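Worksheet: the structure to be examined is printed underneath.
The values are calculated or read from the model by the stated rules, or taken from the named source; none is laboratory data. In this text, all values refer to a predicted model and were calculated from it rather than measured experimentally. Using ideal geometry, Cβ is built from the backbone for each residue, glycine included, and neighbour counts are taken over all protein chains shown.
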Amino acid sequence: MQHGRSTFLTTVLWLGMAFLYIPLILLIIYSFNYSKLVAVWGGWSLRWYVELFQSEEVWAAVWLSLRIAVVNATGATMLGTLAGLAMVRFGRFRGRTLFGGMLSAPLVMPEVITGLSLLLLFITLNEWIGWPSQRGFSTITIAHITFSLAYVAVIIQSRLTGMGQDLEEAALDLGAKPLRVLMDITLPRLAPGMLAGWLLAFTLSLDDLVIASFVTGPGSSTLPILIYSRIRLGLRPDINALATIIILTVAIGVAIAAWLMLRQQKQAAAEAAAR
């Protein structure tokens, strides 16, 4: 009975893996297709990689998306960390329930509603104070920070709840100032959660299409918007080449992260054995 159950679970696992990764493998293979038609095989070629690297439009979108993602992740991590600290460490304060509700609202709000409300906000600000004069980098970044900081705040709250306050209270009892405790004890212990929040905010920004499409303007197309617009007009194989580069970059990043984690585990095991 146990053997049959194990075989069933293994089969389901492999079917799930095949469902996820076979489309990616096909995409990589067709990125080397010579034909202009995506679904028609015309022989092996690097033609679309050459065209991709010569496309100023694509790399302008890539550069804009990366800049927005880095600024968004940094801003969202800072604000999300402060929000998480306020929710966990400041106890009961006036307006805490309202603040918590507003903080979690972007997690459940449909992206269409968020994008539309931010668009109306920017239009109103432009009429009142003349800013923003045009929608682009700044408006997309603000919009991304608006919803990304909620995800960071959730991660920080979980981290703070799990690590307790014993070391912080001990430092305060020994005469340390609250700011010194924050900088020397709380933030170093929060560093893994902050890094996880930064990476999540970076990924959310790089992947966003709906909200960015509301708050962007002419000449400020992010990579997802560019890909979507090309799909509507007819997908070209150079998008397959771009997707292949992104897949390989992510795979290399995951492999490096796994290697570093394995290395740290081996070092920790060696230090424990030495004791």
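State yes or no: is Ile142 assigned to a helix (DSSP H, G or I), among the aliphatic types (A, V, I, L, M) and touching a helix residue (DSSP H, G or I) at 6+ places or on another chain (Cβ under 8 Å)? So Ile142 fits the description; yes. Of the residues making up segment 47-98, those that are among the aromatic types (Phe, Trp, Tyr), out of contact with any helix residue (DSSP H, G or I) (no Cβ under 7 Å at 6 or more places or on another chain) and assigned to a helix (DSSP H, G or I) number 3.
Among Ala196, Ala269, Ala201, which is more than 26 Å from Leu37 (Cα to Cα), exposed (fewer than 15 other Cβ atoms within 10 Å of the Cβ) and either touching a residue at least 40 places away in the same chain (Cβ under 8 Å) or not aromatic (Phe, Trp, Tyr) (or both)? Checking each option against the conditions leaves just Ala269.
Each row is one residue, and each column tells you yes or no for (1) more than 30 Å from Ser65 (Cβ to Cβ); (2) modelled with pLDDT of 90 or more; (3) surrounded by 18 or more Cβ atoms within 10 Å (Cβ to Cβ); (4) under 21 Å from the mean Cα position of the chain (by Cα).
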residue	(1), (2), (3), (4)
Leu98	yes, no, no, no
Leu103	no, no, yes, yes
Leu118	no, yes, yes, yes
Phe147	no, yes, yes, yes
Ile155	no, yes, yes, yes
Leu167	yes, no, no, no
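With respect to the stated conditions, Gly84 is within 18 Å of Ala196 (Cα to Cα), of a type outside the set (Val, Ile, Thr) and at pLDDT below 95. The residue list Leu195, Leu223, Leu206 contains one member that is over 25 Å from Ala61 (Cβ atoms) and not small (Gly, Ala, Ser), which is Leu195.
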